[in-house]
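S.K.: Could you have a look at this structure, given as structure tokens, before my questions?
The values are calculated or read from the model by the stated rules, or taken from the named source; none is laboratory data. Computed from a predicted model, the values in this text were never measured in an experiment. Cβ placement follows ideal geometry from the backbone for every residue including glycine, while neighbour counts extend to all protein chains displayed.
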Amino acid sequence: MTADGGPELIQLLTPEGERVHHPDYDVDLTPDQLRGLYRDLVLVRRVDSEATALQRQGELGLWAQCIGQEAAQVGSGRALAPGDFAFPTYREHGVAWTRGVAPLQLLSLFRGVTNGGWDPQAHNMALYTIVIGDQTLHAVGYAMGMQRDDDDSAVICYFGDGATSQGDVNEAFVFAAVYNAPVVFFCQNNQWAISEPLERQTRIPLYRRADGFGFPGVRVDGNDVLAVLAVTNAALAAAREGQGPTLIEAFTYRMGAHTTSDDPTRYRVAADLEAWKLKDPIERLKVYLARSGKADHDFFAAVEVEAQEMAVALRDGCRGLPDPAPASMFDHVYSEPHLLVQTERAAFETYHSSFVGGGH
Amino acid sequence: MTADGGPELIQLLTPEGERVHHPDYDVDLTPDQLRGLYRDLVLVRRVDSEATALQRQGELGLWAQCIGQEAAQVGSGRALAPGDFAFPTYREHGVAWTRGVAPLQLLSLFRGVTNGGWDPQAHNMALYTIVIGDQTLHAVGYAMGMQRDDDDSAVICYFGDGATSQGDVNEAFVFAAVYNAPVVFFCQNNQWAISEPLERQTRIPLYRRADGFGFPGVRVDGNDVLAVLAVTNAALAAAREGQGPTLIEAFTYRMGAHTTSDDPTRYRVAADLEAWKLKDPIERLKVYLARSGKADHDFFAAVEVEAQEMAVALRDGCRGLPDPAPASMFDHVYSEPHLLVQTERAAFETYHSSFVGGGH
Amino acid sequence: MAVTTMAKAINAGLRKALEDDPKVLLMGEDIGKLGGVFRVTDGLQKDFGEARVIDSPLAESGIVGTAVGLAMRGFRPVVEIQFDGFVFPAFDQIVTQVAKHNARSSGRTPMPITIRIPYGGGIGAVEHHSESPEAYFAHTAGLRVISPSNPVDAFAMVRQAIACNDPVVFFEPKRRYWDKADVDLTADITSATSPFEARIVRPGGSVTVACYGPMVRTCLEAATVAAADGTELEVIDLRSLSPLDVPTVAASVRRTGRLVVVHEAPVFLGMGAELAARITEECFYSLEAPVLRVGGYHTPYPPSRLEEDYLPDLDRVLDAVDRALAF
Amino acid sequence: MAVTTMAKAINAGLRKALEDDPKVLLMGEDIGKLGGVFRVTDGLQKDFGEARVIDSPLAESGIVGTAVGLAMRGFRPVVEIQFDGFVFPAFDQIVTQVAKHNARSSGRTPMPITIRIPYGGGIGAVEHHSESPEAYFAHTAGLRVISPSNPVDAFAMVRQAIACNDPVVFFEPKRRYWDKADVDLTADITSATSPFEARIVRPGGSVTVACYGPMVRTCLEAATVAAADGTELEVIDLRSLSPLDVPTVAASVRRTGRLVVVHEAPVFLGMGAELAARITEECFYSLEAPVLRVGGYHTPYPPSRLEEDYLPDLDRVLDAVDRALAF
Ligand SMILES: Cc1ncc(C[n+]2csc(CCOP(=O)(O)OP(=O)(O)O)c2C)c(N)n1
Ligand SMILES: Cc1ncc(C[n+]2csc(CCOP(=O)(O)OP(=O)(O)O)c2C)c(N)n1
Ligand SMILES: [Mg+2]
Ligand SMILES: [Mg+2]
């Protein structure tokens, strides 16, 4: 498997920031829209680096960095219509950004004050899913629901290269194909599943998995926000038009550790990271914007200022996140009364109140 | 999906018994070997029909008929070398036949005197697996064991068209591809998973599933014992030579009910069955043998006599199968002593012995 | 009122649910044209169409996982697992997603999913077709687990399960599918007893016998025999395993002083263990004997020719009753 | 003797098993180059090669399912499930195949598979990384389930699990991975106590406290505090959950008259239920109080900021002890 993605890689912006053309895919964006994407990328990266820092300071239990994958996430997220619905893994901070989920809501999960964090309906984005692959079936079911509602929206479903080995993901392919569900499978191939390289999951490029299930698969440069946008647009359009699923493999790289608990120096060489740094998704858009005169120094500076302000607010917000009330763990186990939970809750509260006046 | 298997169908013997040639696959069999295959097919069908009758007479709890699939099973089973290992579903009576498992051993399972029935090691064939798809991973694991033993044997793994939807089967494809395991995946596409037609499992031909995992897939006429033999030979050879897995789709038809509990008239039209009867695996070989002078009337008659004798013996054997001793259910739960099982067994035996002298 | 089998009563209940709420969907293997291997969904696809009564690919995790997505979209999926032994491929989706999603989303995305599972033995089937896996589900917070024992309850309880906003694992005692009773097929569920409450199906003062699903009939038969010997069994049909109606059982035990719990599932960590622990704690001073348990052994379900030796029967229930009385 | 953490003790045990028997294989996610997310397999791939210490695709059913095939071929696979909450995708292979295959084959094809699972909470992790699913496995006939509580036992028990011809689910209390003890890394397993026996880790006459895995340290700490108040706890480390060493607990309860069972797993249908039922049956006339249980609640494992409220701690153990004594 070629390290550069091979000839099948769809690209509209080279790592050097040169705008290139592709026979099948294109986007036509206004300078405003292009600057908007740049701003997205920068702010998402800032959320990510800020959260990483907060974890180091003990404010978060864990953080799963998305550095390097911003273009894949922002490009696909920005392709969505408001009525579309996104199913993320635990790393789609850039997608969450495009769905209007406040960064602080993401942090609340990694801080350990909630196992959720936002209202899925309010953002048309499901909660983060930690058990690898589970969400792919939810995505297909949701898309089947859209079919039944005669809603011509579509679903986008995120997962990683490692996830493609899970049975559930392949069952999702089966169901989506059989029911012709309006779902776009968006696989961010960041080359690693924790310490395991792609070769532990497949011997052919991942986009070709779709061949086995009878729907189209494409490989896009995941560090090229324009190409990702174009390819996702096309796949969503196909889904809306009743052509069923598409698998998009966004060829990218996990520039950070798997999570803040991980130490990638144990299993990968520094040279790889250096090579991928040259393909950075933000840098190439910046060069393109600057060279083409679509953005100037003032714009870039303003985005920096905005990022800085957001970071400060995020830090303060995070430190101020209150711990949930202890008894809240009993709150939503069921949505209707359940005798055992009621009994245990009462005992819990009695026991706790015994400490108020002194206790043991 | 074409009902006749399409142009990709590999065939060496037409439904009319005409020997045809294929650019990639062939077999060169002696008349003796050809007659042997015919005998296999006839005896397997007789086992099947006899077992069906025994079920109707209340001697078996259930029977899963293999009628119509004899060529797929015998052709692939006869391709195996003694050191190869077969993983069946619950319908591979023809494979069992080629592995030397006595038909009565199969019946013992369906009679309910055992959940197993034979010694897997003695026949290099695993026990029947009822939970759909589970055995495919066992097959890959076994093949990984062969790799580690530097044994250049191969594994063959059977499953149905319905099974291809299971996560486990797709995980088996992943593991086999990643480890390049010497395993032949043999899918008998008999067009039905109980009442569900193929279209509920896939929208493209099943042999193409392999494309998604990066190994070869072929579709063979599953009612053509010669083609099945040829194709299986080639796949086994590739596995032995270190080329890893192959997926064979044997395009065939379940001529009977799903099992003796099933009533296919509820979900499929009689015309289909009639069309498939014209492609019967036994008939075409008989025509070929007779026309080419490789077998004569005496041979066919002798096989009939043998089948008749076997049937009588099978009936008697089945009726004579003793029920297991009640306490035997505790025998092999563990292979080393386990306190709870010992305690329960002792109580069971005490309780039972209380009935001997009268009891309640 | 109509004399109806349990299978037909559930069919009628599903039909009513489909009629009453356009968001109700059925999904499973062979539930459409075939009407299910036990014909429980017979005729429903014909009447409600393929979009609402869905024959699925052969993949249990897929069935339950897509049901989760459908529930997120506002549907009320009712999925069928063809046999007890085939629920395990879906176990991850059930335990990880179905059970936990309401809590994870702070109640924003409830999971009104009904998982129908024919369970238990006694029908002479091959391996994996006779198991009683209910304890796995009852141990799992976020799931409700119920099981009817007769056609009347089956008709009401399946609709109540579907109407419930929480996920309900609905265990159908397959060997009682052909049991018959008079069922009022016009009854509405607002008047029915809560499915999460136990019911005393036969009052008696000597020994309390708690059971559910297929064992209720067995225990009622045992009670008839015992009565002839002058022992009055109070038979409680638990109906719900999560929540477990401990107060009803405890009140009975306070009267009788003795409890026998009966189920087909293995005794070790079965429902009887929980009931024994809880009743002993609640009724410590009322108990004249330890809670005794009758159930399956710590073995895989045996080949069918041995199932009569494996399954609790009238004699084993009476034996436990005798032992409880002898304490 | 060397001061060794539990994680390192298990590593040493795995190393010895690999050295002693060429049929032993390790398989799992990230166990090779990375040495496992907890470094329990650190260095083993380097020393034993990729054919014996296998980084697997990201698929738990695949890991366990291929292990079944390897076992059929005569290997002794030791598989790692990365965290407790990720065992469920493999549940079907474990319950349907690993557990039942020896019986199905009448003992001809045993399943000497060890399934290592780091379990339990207390490490501030995100969802699915802190669960205690042991009851699901202990309820399953055909599996053995054990859990060490300290480095010395961990070193012996992991080797005993691998040497056992039955499948063993080996639960590693992850928050005790860094606990240290003197471990004799030359000790051989023939002299070690059977892993299927409980051990009295602190004798005492007032109340018996049965626990296992991560809770043993907690209960020992509680015993120290109780002793200062004049209450002598007899702490039993169960070590094995299937089989459960009931005789050792019963003998203790006959002396103390009181039993408290402590585990992190939810109380409802947890190991405490079974122990309560069995001990009450065996020691009915010795018990001066009902068996009391301390454990997790019937809720999903809460977000980590609440885990201290969820997990049994010294105070909750002492509270139960007080309640038992007050009966
Ligand atoms: C079922 C399951 N098994 C194992 C894990 C532990 N785990 C968390 S992330 C991860 C690797 C995922 O790799 P990939 O799918 O490529 O996504 P990435 O993290 O690279 O974005 C693993 C093994 C898990 N969360 N769920
Ligand atoms: C996991 C699981 N789900 C459901 C079943 C019930 N079942 C038995 S056979 C069968 C259909 C299998 O179809 P296919 O794979 O095509 O094999 P065939 O029976 O046609 O040979 C089903 C659904 C099962 N045995 N296992
Ligand atoms: Mg990855
Ligand atoms: Mg089929």
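S.K.: Applying the selection to the range C:101-127, what residues are over 22 Å from C:LEU26 (Cα atoms) and of a type outside the set (Ser, Thr, Tyr)?
M.R.: Residues satisfying the conditions are C:ALA103, C:ARG104, C:GLY107, C:ARG108, C:GLY120, C:GLY121, C:GLY122, C:ILE123, C:GLY124, C:ALA125, C:VAL126, C:GLU127.
S.K.: List every residue pair whose Cβ atoms lie under 9 Å apart, where the two residues are 6 or more positions apart in sequence or sit on different chains, the first residue falls within the range A:182-203 and is facing chain D (nearest Cβ under 7 Å) and under 21 Å from A:ALA72 (Cα atoms), and the second residue, located anywhere, is within 16 Å of ligand 4 (Cβ to nearest atom) and of a type in the set (D, E, K, R).
M.R.: Matching pairs, first to second residue: none at all.
S.K.: Okay, next question. State whether the residues of the range B:148-159 include one that is more than 16 Å from ligand 1 (Cβ to nearest atom), assigned to a helix (DSSP H, G or I) and free of Cβ contacts under 8 Å to residues at least 24 places away in the same chain.
M.R.: yes
S.K.: If only one of C:LEU25, C:LEU58, C:LEU34, C:LEU70 is over 29 Å from C:PRO214 (Cβ atoms) and modelled with pLDDT of 95 or more, which one is it?
M.R.: Of C:LEU25, C:LEU58, C:LEU34, C:LEU70, the one residue that is over 29 Å from C:PRO214 (Cβ atoms) and modelled with pLDDT of 95 or more is C:LEU70.
S.K.: Here's a follow-up. Out of the range C:258-306, which residues are part of a loop (DSSP other than H, G, I, E, B) and touching a residue at least 40 places away in the same chain (Cβ under 8 Å)?
M.R.: Within the range C:258-306, C:ARG258, C:LEU269, C:GLY270, C:PRO300, C:TYR301, C:PRO303 qualify.
S.K.: Condition first: of a type in the set (D, E, K, R) and more than 9 Å from every other protein chain (Cβ to nearest Cβ). Now tell me which residues in the range C:126-156 satisfy that.
M.R.: Listed by number, the residues that qualify are C:GLU131, C:GLU134, C:ASP153.
S.K.: For the range A:295-307, name all the residues that are assigned to a helix (DSSP H, G or I) and either touching a His at 6+ places or on another chain (Cβ under 7 Å) or in contact (Cβ under 8 Å) with a residue 12 or more places away in the chain (or both).
M.R.: Those that are assigned to a helix (DSSP H, G or I) and either touching a His at 6+ places or on another chain (Cβ under 7 Å) or in contact (Cβ under 8 Å) with a residue 12 or more places away in the chain (or both): A:PHE299, A:PHE300, A:VAL303, A:GLU304, A:GLU306, A:ALA307.
S.K.: Anything in the range D:201-234 that is in a strand (DSSP E or B) and of a type in the set (A, V, I, L, M)? List them, or say none.
M.R.: Passing the criteria: D:VAL201, D:VAL207, D:VAL209, D:ALA210, D:LEU233.
S.K.: Oh, and also: Taking only the range A:317-355 into account, find how many residues are under 30 Å from A:VAL47 (Cβ atoms) and part of a helix (DSSP H, G or I).
M.R.: Qualifying residue count for the region: 7.
S.K.: State all residues of the range C:92-125 that are within 12 Å of chain D (Cβ to nearest Cβ), more than 16 Å from C:VAL169 (Cα to Cα) and in contact with a helix residue (DSSP H, G or I) (Cβ under 7 Å, 6 or more places away or on another chain); if no residue qualifies, say none.
M.R.: The one that is within 12 Å of chain D (Cβ to nearest Cβ), more than 16 Å from C:VAL169 (Cα to Cα) and in contact with a helix residue (DSSP H, G or I) (Cβ under 7 Å, 6 or more places away or on another chain): C:SER105.
S.K.: A follow-up question, please. Out of all the residues in the range C:272-287, which are facing chain D (nearest Cβ under 7 Å) and of a type in the set (Phe, Trp, Tyr)?
M.R.: Within the range C:272-287, just C:PHE284 meets the criteria.
S.K.: Could you tell me whether any residue of the range B:161-169 is in the same structural domain as B:ALA234 (by TED's automatic domain parsing), surrounded by 24 or more Cβ atoms within 10 Å (Cβ to Cβ), within 16 Å of ligand 1 (Cβ to nearest atom) and assigned to a helix (DSSP H, G or I)?
M.R.: yes
S.K.: So, A:LEU247, is that one at pLDDT 95 or above, more than 16 Å from ligand 4 (Cβ to nearest atom) and closer than 29 Å to A:PRO82 by Cβ or not?
M.R.: Spelling it out, A:LEU247 is indeed at pLDDT 95 or above, more than 16 Å from ligand 4 (Cβ to nearest atom) and closer than 29 Å to A:PRO82 by Cβ.
S.K.: Among the numbered criteria (1) in contact with a helix residue (DSSP H, G or I) (Cβ under 9 Å, 6 or more places away or on another chain); (2) within 14 Å of chain A (Cβ to nearest Cβ), which single criterion is violated by D:VAL253?
M.R.: (2)
S.K.: Quick one: which residue in D:ALA103, D:ALA51, D:ALA7, D:ALA67 is surrounded by fewer than 20 Cβ atoms within 10 Å (Cβ to Cβ) and of a type in the set (A, V, I, L, M)? Steps first, please.
M.R.: Numbers: D:ALA103 fails: surrounded by fewer than 20 Cβ atoms within 10 Å (Cβ to Cβ); D:ALA7 fails: surrounded by fewer than 20 Cβ atoms within 10 Å (Cβ to Cβ); D:ALA67 fails: surrounded by fewer than 20 Cβ atoms within 10 Å (Cβ to Cβ).
Exactly one residue qualifies, and that residue is D:ALA51.
S.K.: In addition: In the range D:290-326, what residues are at the interface with another protein chain (Cβ under 7 Å from one of its Cβ atoms) and touching a Phe, Trp or Tyr at 6+ places or on another chain (Cβ under 7 Å)?
M.R.: Listed by number, the residues that qualify are D:PRO290, D:TYR297, D:HIS298, D:THR299, D:PRO302, D:TYR310, D:ASP319.
S.K.: Let me ask something else about it. Only residues that are buried (at least 24 other Cβ atoms within 10 Å of the Cβ) and within 16 Å of ligand 4 (Cβ to nearest atom): list them for the range B:170-195, please.
M.R.: Matches in the range B:170-195: B:PHE185, B:PHE186, B:CYS187, B:GLN188, B:ASN189, B:ASN190, B:ALA193.
S.K.: Before we move on, is A:SER153 within 16 Å of ligand 3 (Cβ to nearest atom) and out of contact with any His (no Cβ under 8 Å at 6 or more places or on another chain)?
M.R.: No.
S.K.: Now for a different question. Go through the range B:147-170 residue by residue and tally those that are within 7 Å of another protein chain (Cβ to nearest Cβ) and away from ligand 2 (no atom under 16 Å from the Cβ).
M.R.: Residues meeting the conditions: 1.
S.K.: Taking the range D:49-95 as the search range and keeping residues that are in contact (Cβ under 8 Å) with a residue 40 or more places away in the chain and over 22 Å from the mean Cα position of the chain (by Cα), which one is farthest from ligand 1 (Cβ to nearest atom)?
M.R.: Filtering the range D:49-95 for residues that are in contact (Cβ under 8 Å) with a residue 40 or more places away in the chain and over 22 Å from the mean Cα position of the chain (by Cα), the one farthest from ligand 1 (Cβ to nearest atom) comes out as D:GLY74.
S.K.: Can you pull out every residue in the range A:323-360 that is touching a Lys or Arg at 6+ places or on another chain (Cβ under 9 Å) and away from chain C (no Cβ under 14 Å)?
M.R.: A:ASP323, A:TYR351
S.K.: Can you pull out the residues in the range C:141-157 that are more than 17 Å from A:GLU336 (Cβ to Cβ), surrounded by 24 or more Cβ atoms within 10 Å (Cβ to Cβ) and out of contact with any Pro (no Cβ under 7 Å at 6 or more places or on another chain)?
M.R.: Within the range C:141-157, C:PRO148, C:PRO151, C:ASP153, C:PHE155 meet the criteria.
S.K.: Ok, one more. Would you check if there is a residue in the range C:78-85 being within 25 Å of D:GLU60 (Cβ to Cβ), within 14 Å of chain A (Cβ to nearest Cβ) and modelled with pLDDT of 95 or more?
M.R.: Scanning the range C:78-85 turns up at least one residue that is within 25 Å of D:GLU60 (Cβ to Cβ), within 14 Å of chain A (Cβ to nearest Cβ) and modelled with pLDDT of 95 or more.
S.K.: Related question: Could you look through the range B:91-109, keep only residues that are out of contact with any helix residue (DSSP H, G or I) (no Cβ under 7 Å at 6 or more places or on another chain) and hydrophobic (A, V, I, L, M, F, W, C), and pick out the one that is farthest from the other protein chains (Cβ to nearest Cβ)? Don't jump to the end; show me each part of the working.
M.R.: Start the filter on the range B:91-109 by keeping residues that are out of contact with any helix residue (DSSP H, G or I) (no Cβ under 7 Å at 6 or more places or on another chain), which leaves B:91, B:102, B:105, B:108-109.
If we keep only those that are hydrophobic (A, V, I, L, M, F, W, C) as well, we get B:102, B:109.
Numbers: B:ALA102: 16, B:LEU109: 7 Å.
Out of the qualifying residues, it is B:ALA102.
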